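Some notes on the structure that comes next.
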Amino acid sequence: MCKEQMKNLYLPYEARIEDIKVETEDGNLKTFHIVLEKEEDQKNWSHVPGQFAMLSISGKGEIPIGIASSPTEKGFLLFTVNRAGVVTTALHKMNVGEPIGVRGPLGNGFPVDGELKGKNIVIIAGGFAFTTLRATLIYLLEHRNDYGKITVIYGARTPGMLLYKDELKSWQERDDLECHITVDREAPGWDGLVGFVPTIAGQVKPSPENSAALICGPPIMIKFTMPPLEEIGWKDDQVYLSLENRMKCGVGICGHCNVGPVYVCKDGPVFKRSEVQKLPVEF
């Protein structure tokens, strides 16, 4: 963070929208290519894959959104946003060149430069939860020699709801990456895998030996992904989950996202499953 932000955690960077890409056939998911206005802010920005930021729109409010760009992608930030409420709807109506505030980076990320180094990495994602895992995968591929086998299991309801389609195609063509892309049910023109993400994870059977699994998706997907992993020997301390829980302030002050002693915005959003298992059942 820059010195100015260190004095005020609620002060956003001034930024602008440089490009917008519609990701899905229903138009409800768009990726915003955002550039910080000040060159000094661009130089001082530093995040870890898995972190998020608060995007603010004047007169509308702010929302927590996972950072979809890797730290290795310099000069810009990517945020893939689902249109769901007042702020996200306002954002979807914005145009290239319009101003936006970016506060962050916030929370913690995946330990790509720590515990994950030297390990085989399994990325499992469902729907638009692939955003921060996209950032993570880009980072892993940029530092390919630091990791073992990389396996990606990603799915969406239909082919038209898959994110980052051009990148998915290029990843599937690589010989240093095992990529399993699936949709929930058969669709015209789709010749790839068919089945829910937990089912495909059970079929792939990624080895737990010297491995870590990074999982992000709807709670129901995470719930049903764990049993097939456990059956082949995966332990809770090998599994990293990226979670959400009504985050508002992003810095552990407002209390909206706390679960027992934990603030998801500050202590997360990335947790080991062994940590999550100790939290109250409602989480």
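The values are calculated or read from the model by the stated rules, or taken from the named source; none is laboratory data. All figures in this text were calculated on a predicted structure; none of them were measured in a lab. All Cβ positions, glycine included, derive from the backbone under ideal geometry; neighbour counts span all protein chains shown.
Going by the structure shown, is L133 free of Cβ contacts under 8 Å to residues at least 40 places away in the same chain, in contact with a strand residue (DSSP E or B) (Cβ under 7 Å, 6 or more places away or on another chain) and assigned by TED's automatic domain parsing to the domain that holds L229? In short, no.
Are there any pairs with C-beta distances below 6 angstrom linking a residue in the range 216-229 that is without any contact (Cβ under 8 Å) to a residue 60 or more places away in the chain to a residue that is surrounded by 12 or more Cβ atoms within 10 Å (Cβ to Cβ), with the two at least 6 apart or on different chains, and if so which? So the pair list comes out as I222/I215; F224/P198; P228/A201; P228/G202.
Looking at the range 196-249, which of the residues that are touching a His at 6+ places or on another chain (Cβ under 9 Å) and of a type in the set (D, E, K, R) is farthest from I63 (Cα to Cα)? Ranking the candidates gives R246 first.
Listed here are the residues, each with its yes/no results for (1) at positive phi; (2) among the β-branched types (V, I, T); (3) at pLDDT 95 or above.
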| site | (1), (2), (3) |
| --- | --- |
| E40 | no, no, no |
| H47 | no, no, yes |
| G50 | yes, no, yes |
| I67 | no, yes, yes |
| P71 | no, no, yes |
| T89 | no, yes, yes |
| P99 | no, no, yes |
| K119 | no, no, yes |
| I124 | no, yes, yes |
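Here G101 passes the criteria (1) of a type in the set (G, A, S); (2) closer than 27 Å to C179 by Cβ; (3) over 16 Å from the mean Cα position of the chain (by Cα) except the one numbered (2). Yes or no: D166 surrounded by fewer than 16 Cβ atoms within 10 Å (Cβ to Cβ) and assigned to a loop (DSSP other than H, G, I, E, B)? Here the answer is no, as D166 does not meet what is asked. Just checking, does the range 181-203 include any residue being surrounded by fewer than 14 Cβ atoms within 10 Å (Cβ to Cβ), out of contact with any helix residue (DSSP H, G or I) (no Cβ under 9 Å at 6 or more places or on another chain), closer than 17 Å to G148 by Cα and not assigned by TED's automatic domain parsing to the domain that holds Q51? For the range 181-203, residues surrounded by fewer than 14 Cβ atoms within 10 Å (Cβ to Cβ), out of contact with any helix residue (DSSP H, G or I) (no Cβ under 9 Å at 6 or more places or on another chain), closer than 17 Å to G148 by Cα and not assigned by TED's automatic domain parsing to the domain that holds Q51: absent. Filtered by the rule that a residue be in contact (Cβ under 8 Å) with a residue 12 or more places away in the chain and over 23 Å from P49 (Cβ atoms), the range 260-277 gives G260, Q277.
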